[in-house]
Every structure is written in C-alpha cells, then in structure tokens.
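Scroll down for the structure; my scribbles are underneath it.
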Amino acid sequence: MKKIVRFFIYILFLFFSIIFFDLTLNLVLPEKFKKSIGISKNYSLKSERFHHEISSNINVYEFWGDRKYKVITNNHGMRVENNNPLDKGKKNIGFIGDSFVYGSGISFKNHFINYIEKHNTKHNYLNLGYVSYSPSIYYKKLDYYINEKNIDFKKIIVFVDTSDIQDEGIFYREDKKGNIVRKWNSDREIQKRNFKYVFKNYLKQNSFIFKFYEIFYVRNNHKGPTECLVNKNIIKNFKKYLDYERFGYAFDNTINSKDWVKLGQNKTLNYLSKIKSLLDDNETEMLIVYYPSAIDILENNKIKENSKHYNLLYTWSKNNNVNLIDTHEDFFKQNDPIKNYKTNHIICDAHWNENGHKIIGKNILNYIKN
C-alpha cells in the first residue's frame with residue numbers, strides 16, 4: 001500500500017514539476033518566438049467585450065478541412081500577409097465581417113484584400129474581420145478601433161453574411177455593460193466565465209502543454225466534413241454537408257417564418273444604423289458588399305430580387321444613402337449550380353476559394369478606382 005501511495009505522490013510531483021517548468025520557460029522566452037509556436041486555435045481568445053477575438057502578432061498555421069496555411073496578425077490582431085508597419089502616408093480602408101472577411105480556408109496571398117492591394121497601392125487595407133463575428137460585434141469593433149485605437153479610416157466596407165442573421169437572432173446579445181455575450185447566459189454567468197477565461201487565455205498562449213493538446217485535439221476531432229472531403233469528386237448534393245438553415249434563409253420561406261429570422265434582421269438593421277452614425281461622425285464613407293451564399297448558388301437562386309437578404313441590404317442602403325457593391329451575377333456565370341459552387345467555393349464548405357476571393361476583390365477594386 002505504501003508503495004502505491006509513493007508512486008502516486010511521485011506521479012503528482014512529476015506532473016506539477018512539468019507544468020512549473022512549462023510555465024517558467026514561457027516567462028523567459030521572447031514573445032515573438034512564443035507566438036510562432038502552435039496553431040491559430042491556440043490564439044483564438046475569449047473576449048469580455050467582443051465575445052472572442054484573435055491574438056495579436058501571431059505567425060502560425062491554421063487547419064481548415066484538408067487545407068493548411070499560415071495566419072499572421074499585426075499588433076491590432078488584424079490578419080495580414082506580412083507583419084509590416086502601416087504606411088502613415090496612406091489612408092486606411094477597413095473591411096469588417098465574419099469568417100469570409102477573415103479568410104477561413106484561404107492563404108492570405110489568395111485573399112481578396114491582397115488582390116486589391118496588388119492592383120491598387122494607394123491605401124492601407126485593414127482586415128477587421130474574424131470567425132463568427134456579426135453586426136453587433138462589427139459595431140463594437142469599429143468603435144474600439146476608431147475611438148480607442150485612434151485609427152483613422154477613409155472607408156469602411158461592411159460584409160453582412162446571411163449567417164449574421166442567425167448569429168444576431170439566436171447567439172448574441174449585449175449585457176448590461178454593452179459587451180457582446182452569448183444570449184443564453186445570464187450576466188452573472190458571464191462574469192464567472194470571464195474570470196475563468198483570463199487564465200484560459202493565458203494558458204492557450206503561454207503553455208506548450210496546452211498548445212500541443214489543442215493541436216492534437218484539432219487534428220483528430222475537427223477535420224471538417226470528412227465524408228464529404230473523401231468523396232468530393234463524386235458528390236452531387238453538397239447542400240447536406242453545409243448548414244442549410246444558417247446559410248439558406250434568404251430564399252426559404254419555411255426558415256423565414258421562424259422568430260429568430262425577424263429578430264436577427266431587426267438587430268442587423270439597428271447595428272448597421274449605429275455603424276453608419278459612428279462613421280458619419282468620423283467622416284468615413286460606409287459601403288456594403290452583397291454576395292449570395294453557397295446554398296443560394298447550389299439552389300440556383302439566380303433572381304436576387306427574390307432574396308430576403310438582398311432586399312434587406314438593398315433597402316437599407318438605399319434609404320441611408322450607402323453604396324451597395326453587388327457581386328451576385330459573378331457567382332452565377334455558368335448554368336450548372338454545382339459548377340458555380342465548385343468554381344468559387346472551397347469544396348464541402350460555404351467559404352470562398354481563390355476564385356471566389358478574386359470575384360470579391362475585383363468588384364471592390366472597381367469601386368475604389370472609380
């Protein structure tokens with residue numbers, strides 16, 4: 001019995017010694033070196049104000065389905081191709097949105113922002129987007145960058161994805177402090193979670209043990225729709241592998257009858273108006289980009305005037321004297337819906353591939369040049 005007790009004491013001592021060494025080593029290592037170790041998931045942090053955000057000054061790999069690519073961020077936590085200082089002699093154009101703007105599944109060299117920059121070097125182009133952001137977070141982030149970080153923008157280009165309606169209708173709300181939180185958690189629960197996340201955020205970025213655990217976990221449990229990826233060359237119905245309800249509300253009356261759609265639309269319009277007011281106060285031009293979802297393309301919904309999402313953005317833009325950059329037609333160049341989807345989207349995914357990003361880049365570039 002004593003041997004067993006001694007064995008467990010030894011194991012416990014070894015365990016805490018490893019943790020102590022791990023954290024002590026990270027205290028003396030340079031920040032730049034530490035933030036080049038791990039994967040992007042290690043640096044996706046909980047945020048008291050914005051619900052979540054990506055860490056600044058990272059240079060690591062990200063895995064998306066069967067894709068692997070580098071993610072680099074600057075000192076503001078904005079995704080960039082190279083972490084070079086902003087040119088203070090140029091005016092800034094900011095792009096705000098969710099994972100489509102962030103660039104999930106795509107190397108930054110193939111991102112629409114990089115395409116624009118290569119063809120027009122007159123401005124700094126800043127990527128303000130991140131995964132699962134929505135209009136409430138867009139507003140809070142823009143207010144933060146403008147009024148606290150004192151970044152001056154010439155234009156802000158807003159991407160309102162179809163999935164934003166579900167995010168606003170089901171997932172997000174403001175707490176009593178005006179922070180963006182999960183709708184189903186009380187303010188008291190949020191306070192407890194934020195206290196816990198301070199430690200978790202530190203470990204995610206500063207513990208090799210934690211980083212290696214998350215690398216192993218991601219590579220073995222989050223490989224995306226594996227069945228779809230394996231059979232992507234023979235699959236005819238990609239819709240069943242996408243989140244139909246999340247991306248399909250624009251043309252589907254069954255989804256449109258759900259309470260969260262109306263709530264999400266109203267909240268989206270409210271936050272767009274707040275963004276417009278914020279930008280007007282700072283003499284910054286606001287633009288909105290419309291694009292069809294992957295579900296719309298696979299359903300061959302070519303008539304945009306029948307889209308609830310298009311009409312929502314078009315009507316608001318017209319009523320508020322905001323220019324709408326419409327990319328709809330460029331995503332329906334071919335007669336076959338599956339060909340249109342495969343041409344412009346990552347297979348088994350809702351996000352744009354290299355060609356999809358090029359479509360977005362060309363349309364925005366045309367506006368900027370004109």
TODO: Inspect the stretch 241-249 for any residue being exposed (fewer than 15 other Cβ atoms within 10 Å of the Cβ) and of a type in the set (A, V, I, L, M, F, W, C) and give the result as yes or no.
DONE: no
TODO: State all residues of the stretch 344-358 that are out of contact with any Pro (no Cβ under 7 Å at 6 or more places or on another chain) and touching a residue at least 40 places away in the same chain (Cβ under 8 Å); if no residue qualifies, say none.
DONE: 344, 345, 346, 347, 349, 350, 351, 352, 353, 354, 357, 358
- [ ] Return the residue satisfying two criteria in turn: it lies in the stretch 28-45 and is aliphatic (A, V, I, L, M) and in contact (Cβ under 8 Å) with a residue 40 or more places away in the chain, and of such residues it is nearest to residue 207 (Cα to Cα).
- [x] 37
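Residue-by-condition table, conditions (1) among the polar types (S, T, N, Q); (2) within 30 Å of residue 108 (Cα to Cα); (3) touching a His at 6+ places or on another chain (Cβ under 6 Å):
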site	(1), (2), (3)
248	no, yes, no
256	yes, no, no
261	no, no, no
269	no, no, no
287	no, yes, no
303	no, no, no
308	no, no, no
320	yes, no, no
325	no, yes, no
Open item on the list: Anything in the stretch 244-271 that is in contact (Cβ under 8 Å) with a residue 24 or more places away in the chain, farther than 19 Å from residue 100 by Cα and of a type in the set (Val, Ile, Thr)? List them, or say none.
Closed with: 261
Open item on the list: Please pick out the residue among 83, 92 that is touching a His at 6+ places or on another chain (Cβ under 9 Å), in contact (Cβ under 8 Å) with a residue 24 or more places away in the chain and not in a helix (DSSP H, G or I).
Closed with: 92
Task: Residues (without any contact (Cβ under 8 Å) to a residue 24 or more places away in the chain and either of a type in the set (D, E, K, R) or part of a helix (DSSP H, G or I) (or both)) located in the stretch 359-370 - done: 366
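Rundown of residues vs (1) among the charged types (D, E, K, R); (2) farther than 27 Å from residue 225 by Cα, yes/no style:
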{"position": "296", "(1), (2)": "yes, no"}
{"position": "301", "(1), (2)": "no, no"}
{"position": "305", "(1), (2)": "yes, yes"}
{"position": "310", "(1), (2)": "no, yes"}
{"position": "315", "(1), (2)": "no, yes"}
{"position": "323", "(1), (2)": "no, yes"}
{"position": "332", "(1), (2)": "no, no"}
{"position": "338", "(1), (2)": "no, no"}
{"position": "341", "(1), (2)": "no, no"}
- [ ] Determine if the stretch 164-173 includes at least one residue that is modelled with pLDDT of 95 or more, at negative phi and not in a helix (DSSP H, G or I).
- [x] yes
- [ ] From the list 211, 204, 149, pick out the single residue that is under 30 Å from residue 242 (Cβ atoms), touching a residue at least 24 places away in the same chain (Cβ under 8 Å) and charged (D, E, K, R).
- [x] 204
Task: Checking residue 355 against (1) within 12 Å of residue 115 (Cα to Cα); (2) surrounded by fewer than 17 Cβ atoms within 10 Å (Cβ to Cβ); (3) in contact with a strand residue (DSSP E or B) (Cβ under 8 Å, 6 or more places away or on another chain), the condition it does not meet - done: (3)
Task: Identity of the residue in the stretch 95-113, of a type outside the set (Ser, Thr, Tyr) and not in a helix (DSSP H, G or I), that ends up nearest to residue 362 (Cα to Cα) - done: 111
Task: Test: residue 200 is farther than 25 Å from residue 310 by Cα, surrounded by fewer than 17 Cβ atoms within 10 Å (Cβ to Cβ) and not hydroxyl-bearing (Ser, Thr, Tyr) - done: yes
- [ ] Would you point out which residue out of 114, 59, 110 is touching a residue at least 12 places away in the same chain (Cβ under 8 Å) and under 30 Å from residue 195 (Cα atoms)?
- [x] 59
Open item on the list: Residues that are in a loop (DSSP other than H, G, I, E, B) and of a type outside the set (Lys, Arg): does the stretch 114-124 have at least one?
Closed with: yes
Task: Selected residue (only one of 9, 37 is in a helix (DSSP H, G or I) and either buried (at least 16 other Cβ atoms within 10 Å of the Cβ) or modelled with pLDDT under 90 (or both)) - done: 9
Open item on the list: Being assigned to a loop (DSSP other than H, G, I, E, B), of a type outside the set (Gly, Ala, Ser) and surrounded by 20 or more Cβ atoms within 10 Å (Cβ to Cβ) is true for just one of 335, 340, 301. Which residue is that?
Closed with: 301
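Can you tell me which residues in the stretch 152-163 are more than 20 Å from the chain's Cα centre (by Cα) and either closer than 14 Å to residue 276 by Cα or crowded, with 19+ Cβ neighbours inside 10 Å (or both)? First the steps, then the outcome.
Step one: filter the stretch 152-163 for residues more than 20 Å from the chain's Cα centre (by Cα), giving 152-154.
The answer is 153, 154.
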Open item on the list: Restricting to the stretch 61-80, give me the number of residues that are of a type outside the set (Phe, Trp, Tyr), at pLDDT 95 or above and assigned to a strand (DSSP E or B).
Closed with: 6
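The values are calculated or read from the model by the stated rules, or taken from the named source; none is laboratory data. Predicted, not measured: the structure shown is a model, and the values here were computed from it. So basically every Cβ, Gly included, is an ideal-geometry build from the backbone, and we count neighbours across all protein chains shown.
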